[in-house]
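This report concerns only the one structure given below.
The values are calculated or read from the model by the stated rules, or taken from the named source; none is laboratory data. Computed from a prediction, not measured in an experiment: that's the story for all the values here. Cβ coordinates were reconstructed from backbone atoms using ideal geometry, including for glycine residues, and neighbour counts include every protein chain displayed.
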Amino acid sequence: VTNKKITCLAGGVGAARFLQGLVRVFPEEWITVVVNTGDDIELYDLHISPDIDIVTYTLAGIVDEEKGWGIRNDTFNCFTMLQRYGYETWFNIGDKDLATHLYRTEQLKKGISLSEITAKLARLHALKETILPMTNDEFETRIITDKGEIHFQEYMVKHGMQDNIVSVRFAGAERAKPCQEVINAIAEASGIIVCPSNPIVSIGTILSIKGIRRALKETKANVVAISPIIAGTVVKGPAEKLMRSLGIEVSAFSVADLYEDFLDAFILDNADKEQKERVEALGIKAIVTNTLMKTVEDKMHLAEVALSCL
Ligand code: GDP
């Protein structure tokens, strides 16, 4: 596929790793990535957008691959000093990473929108891809646990996914509007890829924004999704716990089912090949292949398979 615009829906690490393959087999300038902002959080008076930063740093080739977030070889001097000053320091911020949060926060205070700032940061990192936050409006993924309601990052990072989840709340979803560029990117794309990301708190948040789901249903472009669930479990992160506590079967099929109203094709892992027929019974073309991205070749292969569905 050449000469075609592709729009990807993305969370953090899983999506970023897939995009590393995509940019090697498809022109970067034709790729738009719509990124979840439900994980965004204010800490130390800074606006932090974890998923946007993971995607940006990864595409810029500076991400700490081992952690999946932050900048390679970053130091944590500021963070150490914050600790000494008695700040709560459960959310790690490296010194270089801090510059991104300072820049974003300062620009937001000047009245510049998150989408403009995200575009500026992408340019400053010499990216050719377009990166769009799902919304410029306030939106926060809240986890309701048996001990009370907390921010998604508190559940994930501060409490290490230990709390019992009762439900999930998308604070701001009723009012949040997608950035205009997001709807255009879906309507005008020649193909849409839903990255292997958390179906509840990464893709589910994007889908909860008014107009996005409808745009996905109405676009003429084919929509393909890659399962983040392999052999009934996650590669990493809280998707399994979230799905289970929401009463959703933890399987590749379930992910296809969650996207059933707008999906044309679904890529599931060889380990889940017995679910192919179930997915196809939903009226979705199912492709079985290796979806575990260990090497660059794995990532490129998965990108090629996704492109072949568009
Ligand atoms: P997070 O918000 O940083 O956790 O990132 P995402 O929402 O993008 O991704 C989390 C999901 O990515 C998890 O459900 C993982 O199972 C999935 N994931 C991570 N690595 C891989 C991989 O190599 N292959 C596939 N198919 N899924 C992956």
Cβ pairs under 6 Å, 6+ apart, first in the range 78-91 and over 18 Å from Leu102 (Cα atoms), second surrounded by fewer than 16 Cβ atoms within 10 Å (Cβ to Cβ): Trp90/Lys158
Check on Pro228, of a type outside the set (D, E, K, R), crowded, with 21+ Cβ neighbours inside 10 Å, within 10 Å of the ligand (Cβ to nearest atom) and modelled with pLDDT of 95 or more: yes
Count of residues meeting criterion [without any contact (Cβ under 8 Å) to a residue 40 or more places away in the chain and charged (D, E, K, R)] in the range 189-225: 4
Among the candidates Ser202, Ser254, Ser208, Ser308, residue that is within 10 Å of the ligand (Cβ to nearest atom) and modelled with pLDDT of 95 or more: Ser202
Wholly enclosed helices (runs of 4 or more DSSP H) of the range 51-168 bearing at least 2 residues closer than 29 Å to Glu28 by Cα, over 21 Å from the mean Cα position of the chain (by Cα) and modelled with pLDDT of 95 or more: 95-109
Qualifying residue in the range 231-249 (condition: more than 9 Å from the ligand (Cβ to nearest atom), of a type in the set (Ser, Thr, Tyr) and either more than 27 Å from Glu138 (Cα to Cα) or at pLDDT below 95 (or both)): yes
Candidate set: the range 1-37, residues that are closer than 16 Å to Cys309 by Cβ and part of a helix (DSSP H, G or I); chosen: the one nearest to the chain's Cα centre (by Cα): Phe18
Residues being within 15 Å of the ligand (Cβ to nearest atom) and among the small types (Gly, Ala, Ser) - total across the range 266-292: 2
